[in-house]
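The values are calculated or read from the model by the stated rules, or taken from the named source; none is laboratory data. No experiment lies behind these values; they were computed from the predicted model shown. A quick note on method: Cβ atoms are made from the backbone with ideal geometry, for glycine too, and the neighbour counts reach across all protein chains shown. Please note that ligands, DNA and RNA were not included when accessible areas were found on the heavy atoms of the full protein model with its side chains. Shrake-Rupley method; radii C 1.70, N 1.55, O 1.52, S 1.80 Å.
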Amino acid sequence: HWQKLDLQNRVNKGDDVLRAFNADVFPLIGDLAAEDVRKAHIQAILDNIRSRATDGRPRISMQKKTLADLRQMFGWALERDYLLVNPTAVIRKAKLGATVERERVLSEAEVIELFDKLPRCGLAETSRLALMIQLSTASRIGETLQAHWAHIDFERRTWGIPADIAKNGKAHTIALSDFTLRQFQTLHAITGVTPWLFPNSELNAPVCSKTTTKQVGDRQRYAKAIMKNRSQDAHALELPGGRWVPHDLRRTAATMMVQLGVLPDVVEKCLNHTEPNKLKRIYQRASYEVPMRE
């Protein structure tokens with residue numbers, strides 16, 4: 001019921017929640033009646049997530065997000081009298097630890113090295129193009145991989161990200177530079193016969209939003225063992241500054257814009273961030289279209 005009536009209202013229809021629940025929630029409490037779930041069960045779920053933590057990935061954010069979604073689900077049931085108690089109520093997020101925000105930004109030298117390595121790293125051409133598009137537009141990797149060709153206007157040189165794909169639910173238009181336009185043109189020659197820029201292998205939907213991130217991670221094993229049935233190009237995308245993920249390219253693009261003298265407000269608009277100040281959102285009507293394109 002929660003999935004049908006509440007999760008469906010989220011931007012991604014709750015797909016990320018279902019993936020997390022399939023991985024960590026259902027294996028432990030999937031067969032229990034909701035009213036039989038206790039605090040100990042919730043704690044076991046969080047402990048199980050923590051057991052997969054590594055030095056580079058402490059999993060605290062995943063614990064907190066899973067707890068938040070469970071709390072929302074059980075709270076939803078409480079409001080409708082399906083339950084008498086919310087088993088997550090007495091578990092505090094703060095006890096799980098401090099969330100460490102990623103700050104990885106590729107240096108200019110690393111970006112040059114990345115451009116050199118990408119054609120030789122064993123990635124599919126479509127995945128390479130996805131990374132180039134993301135870096136040159138400061139887009140989110142999930143929004144990039146879900147894009148439709150109907151969203152690309154080659155004449156006006158724009159990419160329109162609709163509200164139902166944008167992570168924050170706000171439609172966003174990106175002006176395409178000469179470099180970015182070439183990436184889209186190259187990609188169109190490969191996947192233009194489908195509705196999606198990055199179709200799955202069955203050509204009936206976009207590729208999974210985790211695909212490129214996994215492929216990039218497989219090529220940065222450093223001292224770790226190569227995973228079975230995964231890429232043998234285990235060091236092909238390693239950079240001097242350490243492990244990086246596709247989302248770091250978005251942060252890198254924003255950082256480089258600031259270094260080039262772009263005003264912070266314009267950078268925020270290019271990132272399609274939501275203005276936290278309500279009064280500013282309402283009364284500041286200045287158009288950023290021209291400086292964003294520049």
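Go through the residues of the stretch 272-288 one by one and say whether even a single one is over 20 Å from residue 168 (Cα atoms), open to solvent by 80 Å² or more (accessible area, probe 1.4 Å), at pLDDT below 90 and not in a loop (DSSP other than H, G, I, E, B). Yes, the conditions are met somewhere in the stretch 272-288.
Hey, does the stretch 156-169 have a residue that's in contact (Cβ under 8 Å) with a residue 24 or more places away in the chain, assigned to a loop (DSSP other than H, G, I, E, B) and under 30 Å from residue 235 (Cβ atoms)? Show your work before the answer.
Kept after step one, since they are in contact (Cβ under 8 Å) with a residue 24 or more places away in the chain, are these residues of the stretch 156-169: 157, 159, 161, 163-169.
Next, only the ones that are assigned to a loop (DSSP other than H, G, I, E, B) stay: 157, 163-169.
Next, only the ones that are under 30 Å from residue 235 (Cβ atoms) stay: none.
No: zero hits.
Just so you know, in the stretch 164-183 the residues that are hydrophobic (A, V, I, L, M, F, W, C) and within 18 Å of residue 292 (Cβ to Cβ) include one that is nearest to the chain's Cα centre (by Cα), and it is 166. Residues in the stretch 46-64 that are within 18 Å of the chain's Cα centre (by Cα) and either under 16 Å from residue 87 (Cα atoms) or among the acidic types (Asp, Glu) (or both) were compared, and the one that is surrounded by the most Cβ atoms within 10 Å (Cβ to Cβ) is 63.
Taking the stretch 65-93 as the range and being buried (at least 17 other Cβ atoms within 10 Å of the Cβ) and not hydrophobic (A, V, I, L, M, F, W, C) as the test, the residues that pass are 66, 69, 71, 86, 87, 88.
Listed by first and then second residue, the pairs linking a residue in the stretch 198-215 that is among the aromatic types (Phe, Trp, Tyr) to a residue that is in a loop (DSSP other than H, G, I, E, B) and open to solvent by 60 Å² or more (accessible area, probe 1.4 Å), with Cβ atoms under 9 Å apart and 6 or more places separating them unless they lie on different chains, are 198/146. Among the residues of the stretch 50-79, those that are in contact (Cβ under 8 Å) with a residue 12 or more places away in the chain and part of a loop (DSSP other than H, G, I, E, B) comprise 56, 58. Could you go through the stretch 136-150 and let me know if any residue there is open to solvent by 20 Å² or more (accessible area, probe 1.4 Å), in a helix (DSSP H, G or I) and aromatic (Phe, Trp, Tyr). Checking the stretch 136-150: at least one residue is open to solvent by 20 Å² or more (accessible area, probe 1.4 Å), in a helix (DSSP H, G or I) and aromatic (Phe, Trp, Tyr).
Just checking, how many residues over the stretch 24-45 are without any contact (Cβ under 8 Å) to a residue 40 or more places away in the chain, part of a helix (DSSP H, G or I) and open to solvent by 60 Å² or more (accessible area, probe 1.4 Å)?
So the first thing to find is which residues in the stretch 24-45 are without any contact (Cβ under 8 Å) to a residue 40 or more places away in the chain, and the list is 26-33, 36, 40, 44-45.
Those left that are additionally part of a helix (DSSP H, G or I): 26-29, 36, 40, 44-45.
Next, from what is left, pick out any that are open to solvent by 60 Å² or more (accessible area, probe 1.4 Å): 26-28, 36, 40.
Looking only at that region, the number is 5.
Would you say residue 180 is out of contact with any helix residue (DSSP H, G or I) (no Cβ under 7 Å at 6 or more places or on another chain), open to solvent by less than 30 Å² (accessible area, probe 1.4 Å), hydroxyl-bearing (Ser, Thr, Tyr) and in contact (Cβ under 8 Å) with a residue 40 or more places away in the chain? Before the answer, list the steps.
Working: out of contact with any helix residue (DSSP H, G or I) (no Cβ under 7 Å at 6 or more places or on another chain): no; open to solvent by less than 30 Å² (accessible area, probe 1.4 Å): yes; hydroxyl-bearing (Ser, Thr, Tyr): yes; in contact (Cβ under 8 Å) with a residue 40 or more places away in the chain: yes.
Criteria not met by residue 180.
Would you point out which residue out of 85, 111, 90, 105 is within 17 Å of the chain's Cα centre (by Cα) and farther than 23 Å from residue 208 by Cα? Spell out the reasoning first.
Numbers: 85 fails: within 17 Å of the chain's Cα centre (by Cα); 111 fails: within 17 Å of the chain's Cα centre (by Cα); 90 fails: within 17 Å of the chain's Cα centre (by Cα).
Criteria check complete, one pass: 105.
Among the residues of the stretch 183-194, those identified as in a loop (DSSP other than H, G, I, E, B) and open to solvent by less than 70 Å² (accessible area, probe 1.4 Å) are 192, 194.
Residues of the stretch 95-128 being under 27 Å from residue 15 (Cα atoms), open to solvent by less than 30 Å² (accessible area, probe 1.4 Å), in contact (Cβ under 8 Å) with a residue 60 or more places away in the chain and in a helix (DSSP H, G or I), which ones? 127, the sole residue that qualifies.
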